[in-house]
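Participant: Could you have a look at this structure, given as structure tokens, before my questions?
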Amino acid sequence: MLEQVLSTFGIEGDPLDVTPVPEAEKFALRSYPNPFNPAVKIEYTLPQAGHLSLKIFNVRGQLVRTIIDGRIESSGHIMWDGTDGQGSGVASGVYFYAARTAGQEVVDKLTLIR
């Protein structure tokens, strides 16, 4: 019967053949270019609005700079220009970025070439 009603409105096919609900977005980060000079773009995907913390660390585990530490409404991106928290340029080398939101954490590495 539903098929007949739908065909009246020009909709053909099996009415029970529905498209599955897409998976909710997962928390993820991506950076490019990597290696970088003079700046790297870090894209973040959030499944929902909430608090996001994104920090840069050196190979010794020392905090270099906090990029984001606050409420974010949607997915987006941020640029890091290879400077520390005081605005001074950091040396060439390997750095790590760590992002946390809603109990999830992602860590990845960046390489700065001056």
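Participant: For the range 26-38: of the residues being more than 22 Å from ASP84 (Cα to Cα) and either aromatic (Phe, Trp, Tyr) or in a loop (DSSP other than H, G, I, E, B) (or both), which is least open to solvent (accessible area, probe 1.4 Å)?
Facilitator: This residue is PHE27.
Participant: Among the residues of the range 66-81, is there at least one that is in contact (Cβ under 8 Å) with a residue 40 or more places away in the chain and open to solvent by less than 70 Å² (accessible area, probe 1.4 Å)?
Facilitator: yes
Participant: Test LYS41 against the stated conditions and say whether it is open to solvent by less than 90 Å² (accessible area, probe 1.4 Å) and either modelled with pLDDT of 95 or more or not in a strand (DSSP E or B) (or both).
Facilitator: Taking the combined requirement at face value, the residue satisfies it.
Participant: Do the conditions hold for TYR95, that is, is it in contact with a Ser or Thr (Cβ under 7 Å, 6 or more places away or on another chain), open to solvent by less than 70 Å² (accessible area, probe 1.4 Å), hydroxyl-bearing (Ser, Thr, Tyr) and not in a loop (DSSP other than H, G, I, E, B)?
Facilitator: For TYR95, the condition - in contact with a Ser or Thr (Cβ under 7 Å, 6 or more places away or on another chain), open to solvent by less than 70 Å² (accessible area, probe 1.4 Å), hydroxyl-bearing (Ser, Thr, Tyr) and not in a loop (DSSP other than H, G, I, E, B) - is not met.
Participant: Name the residue that is surrounded by the most Cβ atoms within 10 Å (Cβ to Cβ), counting only residues in the range 98-114 that are at pLDDT 95 or above and small (Gly, Ala, Ser).
Facilitator: Applying the filter and picking the extreme gives ALA99.
Participant: Would you mention how many residues in the range 98-114 are more than 15 Å from ASN34 (Cα to Cα), assigned to a strand (DSSP E or B) and of a type outside the set (Lys, Arg)?
Facilitator: Of the residues in the range 98-114, 6 are more than 15 Å from ASN34 (Cα to Cα), assigned to a strand (DSSP E or B) and of a type outside the set (Lys, Arg).
The values are calculated or read from the model by the stated rules, or taken from the named source; none is laboratory data. Keep in mind the model is a prediction, meaning the values are calculated, not measured. In this analysis, Cβ positions are derived from the backbone assuming ideal geometry, glycine residues included, and neighbour counts consider all displayed protein chains. Note: accessible area is taken over every heavy atom of the protein model, side chains too, but ligands, DNA and RNA are not part of it. Shrake-Rupley method; radii C 1.70, N 1.55, O 1.52, S 1.80 Å.
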